[in-house]
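J.: Please see the structure below; I have some questions.
A short reminder: the numbers here are calculations on the coordinates, not readings from a lab. What you are looking at is a predicted structure, and each value in this text was computed from that prediction instead of being measured. Here Cβ is always computed from backbone atoms with ideal geometry, including for glycine, and neighbour counts include all displayed protein chains.
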Amino acid sequence: MFVEKSTPPLFDKLAALFYAQPMKINFTAVIKKEGRWYVAECIETGVTTQGKTVASAKKNLCEAMSLYLEDLPKNKVEKLRNQKSFVQPLNVEYA
């Protein structure tokens with residue numbers, strides 16, 4: 001008699017996490033100089049970080065966004081994925 005061994009459910013979950021392909025989403029970032037630092041903010045999420053150069057601020061923002069998205073429920077990630085942002089000039093009158 002042949003008995004088929006089944007894979008433990010926990011193993012299946014761990015394997016799925018380990019072999020999962022990373023998702024990619026495009027976001028809009030604003031990077032501005034504040035004192036000696038460059039501050040980077042994602043418009044869609046409000047996630048903000050800083051760096052001593054533009055490149056390091058952008059890299060830090062990507063890392064912060066990855067951590068933010070990992071903890072976000074999948075339905076909210078999908079909502080962000082479908083959200084459209086636009087950067088437009090804004091002319092404001094003031095007295």
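J.: Across the range 27-76, how many lysine pairs, 8 or more positions apart or on different chains, have C-alpha atoms separated by under 24 Å? Please give the number.
T.: 9
J.: Can you give me the relative contact order of the range 18-95 as a percent, contacts being Cα pairs under 8 Å and 6 or more apart? Walk me through the numbers before you get to the answer.
T.: Values: 77 pairs, mean separation 15.5, N = 78.
Answer for the range 18-95 is 20 percent.
J.: Moving to a separate point now. Between residue 34 and residue 71, what is the spin-label point distance in nm, taking each point 7 Å from the Cα along the Cα→C-beta axis?
T.: Each label point lies 7 Å from its Cα, and together they span 2.0 nm.
J.: To continue, here is another question. Which of the peptides 56-65, 24-33 is most tightly packed, and how do the rest follow, going by the mean number of other Cβ atoms within 10 Å of each residue?
T.: Working: 56-65: 16.9, 24-33: 12.2.
Top of the packing list down: 56-65, 24-33.
J.: Additional query: So who's got an amide H within less than 5 Å of the one on residue 50, skipping anything under 5 residues away but keeping other chains? H placed 1.01 Å off N, in plane.
T.: Hits under the 5 Å cutoff: 40.
J.: Something else now. Which cross-chain or sequence-distant (5 or more) residues have an amide H under 5 Å from the amide H of residue 44, H modelled 1.01 Å from N in plane?
T.: 28
J.: How long are the three semi-axes of the equivalent ellipsoid for the range 27-76, computed from the Cα gyration tensor as the root of 5 times each eigenvalue, in whole Å, largest first?
T.: Numbers: eigenvalues 97, 20, 10 Å².
For the range 27-76, the ellipsoid semi-axes come out as 22, 10, 7 Å.
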